[in-house]
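What follows is a set of notes on a single structure, which appears directly below.
The values are calculated or read from the model by the stated rules, or taken from the named source; none is laboratory data. Note that this is a predicted model, so its numbers are computed, not measured. Here Cβ is always computed from backbone atoms with ideal geometry, including for glycine, and neighbour counts include all displayed protein chains. Only protein heavy atoms, including side chains, enter the accessible area calculation; ligands, DNA and RNA are left aside. Shrake-Rupley method; radii C 1.70, N 1.55, O 1.52, S 1.80 Å.
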Amino acid sequence: MKDLEKIICQQAQEDHEYVVSLRRHFHRHAEVSKAEYRTADKIEEELRKLNIETERVGETGIFAKITGQLTGDKTVMLRADTDALPINESSDCPYASQNANAMHACGHDSHTASLLGAARILAKNTDKFGGTVTLAFQQGEEVGYGGRLFVDGGYLNHTDRVIGLHVNPIFDCGTVAICEGPTYAAVDWFRITVNGKAAHVSTPEKGVDALYIASQIVVAIQALITRLSSPMDNLLVGIGKLTAGETYNVVAANAVMEGTIRSFSPALRKQTKEKIEETAHSIASIYGGTVALEWQDNTSPLINDAAVTREAQILAGRLFGQEHLITKVTPSLAGDDFAEYLLKVPGTYVQFGSRNPHRKETALPLHNEKFDLDEDYMNYAVQFYCCYAIDYLNNDIE
């Protein structure tokens, strides 16, 4: 480890309790996507203590900038997501969420705390680097919202590198996974509304059964995967919600289903959308109904840049030891709108192990109502954020 990296890592260890306290604050006061108002206020409060000016991106995103005192003209952005999930926490930990139907079950509280910890260290070491570090505290990741606000708002203009991170309970704390290429899938949301005609169930011929039509559409859409795409394709179509009808003895006049497509291939993504529309319209027509489809492109596929990934791997191996570095992980059909940043600027997405073998709740999957994490992982995250930024800006990443 280089001398400056040793200094930064020591400072991160000294600040660890500060970062833990922030994480627990955000966990206790969890706020869901697009409603991260108190979270944004707290982020601004902490940054202003460091004399770092902030700018709102949308209502609840925060952009900030730290400029080094040495000569340099490069810029690296560090990103953390801030939103919680609409889940009621089922945990007796002392920092459990106090807000109904809001829980940090995906670790974003720790991402935010880690980036604030990095900001504190970077702010007191501006005499050790040139160029600029920008901070993106991004709202609405869970609904594919905030990433495009930062990109379309020009906050990545003139940026040379972008780094994002996420916890991963598959790996033990102290382990870091940094993998080149496809990491997460593109995520599309859709809603299909089926319009039929109500009638008494004893005279179904007088109505148009929207529930039956919807059921046939669900089955047919699932078959699209098994019969119209190769088993070798990374493609998933899932329908997680179906509502229909008013009561047990009336033919349903309407039905609504919501689902998602997960894919890595733009061509396959487009083809699957077209086939879903064709299938829904055809089935509805057979039984006398009609359908309306709505689509929302939540995020693009997340593909890590090869050169930046290699830089990050070299640094992580030096900081944490090669034995704790993972460079091959099977791509996931989950999504993250950090993908939008990577379409604009070369960057990579780093996964930090957060499992503690002695605490079963830290091995639970993301989005579980009892999910928790080993807070020691944040020490590694802060070190990585800071050392990557400083080493890159000082042309000392190798």
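Here are some notes:
- For Lys42, a cut-off of 15 angstrom between C-alpha atoms picks up these aspartates and glutamates, skipping any fewer than 8 places away in its own chain: Glu31, Glu53, Glu55, Glu59, Asp81, Asp83, Asp109.
- Estimated FRET transfer efficiency when R0 is 22 angstrom, pair Asn101-Glu294 (beta carbons, to 0.05): 0.35
- Potential lengthening between Val219 and Thr330 on full extension [0.36 nm per residue; Cα-Cα distance subtracted]: 37.1 nm
- Restricting the trypsin sites (Lys or Arg not before Pro) of the stretch 1-109 to loop positions (DSSP other than H, G, I, E, B) with no more than 16 neighbouring Cβ atoms within 10 Å leaves Lys2, Lys34.
- Ser285-Leu228 pseudo-label distance in nm [points 7 Å out on the Cα-to-Cβ vector]: 1.4
- Gaussian network model of the chain, Cα within-10 Å springs - most flexible of Ala214, Ala186, Ala113: Ala214
- Mean separation of Cα contacts under 8 Å, 6 or more apart, over the residue count of the chain: relative contact order %: 24
- Carbon/sulfur fraction of accessible area - the stretch 204-360, other protein chains in place, 1.4 Å, %: 54
- Distance-filtered residues of the stretch 247-271 - backbone nitrogen under 13 Å, label point 7 angstrom along Ala198 Cα→Cβ: 247-255
- The mean sequence separation of alpha-carbon pairs under 8 Å and at least six residues apart, normalised by the residue count of the stretch 75-149, gives a relative contact order of 45 percent.
- The overall shape of the chain, judged from the alpha-carbon gyration tensor, is prolate: a/c is not under 1.5, and a/b is greater than b/c.
- Contour minus Cα-Cα distance for Gln13 and Lys124 (0.36 nm per residue): 38.5 nm
- Only helices reaching 20 angstrom along their own axis (Cα) with mean Kyte-Doolittle hydropathy no lower than -1.0 count here, and for the DSSP H runs of the chain these are 108-123, 210-228, 266-286, 306-320, 377-393.
- Straight-line reach from Lys275: taking Cα to Cα under 29 Å and skipping same-chain neighbours fewer than 8 places apart, the lysines in range are Lys197, Lys241.
- Total formal charge among the other residues, if their Cβ is under 12 angstrom from that of Asn356, Lys/Arg +1 and Asp/Glu -1: -3
- Nearest-0.05 FRET efficiency for Cys93 and Arg38, computed from C-beta distance (R0 22 Å): 0.65
- Per residue, in Å², the accessible surface of the chain once ligands and nucleic acids are set aside, probe 1.4 Å: 43
- Anchor Lys49: lysines whose Cα lies under 21 Å away (excluding residues fewer than 8 positions away in-chain): Lys65, Lys124, Lys128
- Relative contact order, whole percent, for the stretch 298-359 stands at 52, derived from Cα pairs under 8 Å and 6 or more residues apart.
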